[in-house]
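Reading through the structure tokens given below for one structure.
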Amino acid sequence: MTCLMSLVIVVMNTGRGETIELFFLNCIHGNLYNKVTMCIACLRRPYLMRIRILASLEEWRRATLHILSHRQNPNQKSLVISTIVFAIISIGIFSYYFLNQSEIDSQILDNTTFKTLEEKMAKHYGVGKFGSEHSHAALAVFVNGNQLDFAIPQFQLQSKYIHFENDNPYLIHKHATDVPLDMLFASLGLAITSDCMEFNYKTNVSEKHCTDSENSMIFLINGKSHSNINLYEIRHNDRILISFGDSKLISEQLKYLESLEIHDIPKRNQLVPGKDISV
């Protein structure tokens, strides 16, 4: 705590103009010393600066009292006191930064380097290098018996890691390892939980469906029930059914899902013009 109060800035009105005296205890952090002197240098007034290094807290206290006792002008005293308070608060902020520098810098990097939701999710889930895998799976999503059409433009090529392409309404393409379905849903504006399904892909329109006594939510992967669809990572030739509504329709929906063709993996991938996405 001594170092947090190790600087007093005093503005003196001399015949040569205003002078700033900086009193440092010898324990002050070198980087903090540099930042304070740089801040003073940036001021636009004709200040002269004098720096004194004090050996102890007692010497620091005596120097402060001496300066205050020699200021007869009330306005100058108010300025000195205000400046001291400002200096102590500033040092507290600087000191907090230096004590937590690694954590703060890490947060800054996270917010600048990973700008998009996709990249933040890729980091969160530990997604592999783009192109590290290529697999296809069929996905059918039904809401009250109506199938969601993934062939419309706002659902096509929305993520480079996992997406729909070529105006196909059901075929998922995955282009990296460790990519969960949650990344696909997020890129499409879909939020799916065990109880609710929410759509936010239309501008300023949100549509939400939740289970009740008449409507159920069912997740089936290759005909088997799955509790957490969001964290599932597709494998080649998977067939995935997400159905909200009347459970009596499941058998018909499964029959449709089984009829869908899943294309083989191409030997060579092509890059989509204007996008960092392979198909």
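A short reminder: the numbers here are calculations on the coordinates, not readings from a lab. Remember, predicted model here, so these are calculated numbers, not experimental data. As a convention, Cβ positions derive from the backbone with ideal geometry for all residues, glycine included, and neighbour counts pool all protein chains shown.
Determine the dipole magnitude for region 121-259: charges of +1 sit on the beta-carbon of Lys and Arg, -1 on that of Asp and Glu, nothing else is charged, the reference point is the Cα centre, and the result goes in debye to the nearest 20.
Numbers: 11 positive and 16 negative charges, 75 e Å.
That gives region 121-259 a dipole magnitude of about 360 debye.
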Looking at region 121-259, I'd like the Rg to Rh ratio, where Rg is from alpha-carbon atoms and Rh is Kirkwood's inverse mean 1/r. 0.94
Would you list Lys174, Lys129 from fewest to most Cβ contacts within 10 Å? Lys129, Lys174
Region 121-155 scanned against label point 7 Å out from Glu258 along Cα→C-beta; backbone N under 16 Å for 138, 140
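Mind scanning Lys129/Lys248; Lys129/Lys208; Lys174/Lys255; Lys123/Lys208 and naming the pairs with a C-alpha gap bigger than 30 Å? Intermediate values should be presented prior to the final figure.
Values: Lys129/Lys248 42 Å; Lys129/Lys208 34 Å; Lys174/Lys255 24 Å; Lys123/Lys208 28 Å.
Exceeds cut-off: Lys129/Lys248; Lys129/Lys208.
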Assuming 0.36 nm per residue, please report the length gained on full extension of the stretch Glu119 to Leu231 beyond their Cα-Cα distance. 38.7 nm
Of Ala138, Ile242, His209, which is farthest along the charge dipole of region 121-259 in the positive direction, counting Lys and Arg as +1 and Asp and Glu as -1 at C-beta? Ala138
Need one number for region 113-196: average projected area of the convex hull over its C-alpha atoms, nm². 6.0 nm²
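When a footprinting reagent is the concern and you count Cβ atoms within 10 Å, what order do Ile162, Ile234, Ile262 take, fewest first? Kindly include the intermediate steps, with their values, before the conclusion.
Numbers: Ile162 25, Ile234 22, Ile262 15.
Arranged by neighbour count, lowest to highest, Ile162, Ile234, Ile262 become Ile262, Ile234, Ile162.
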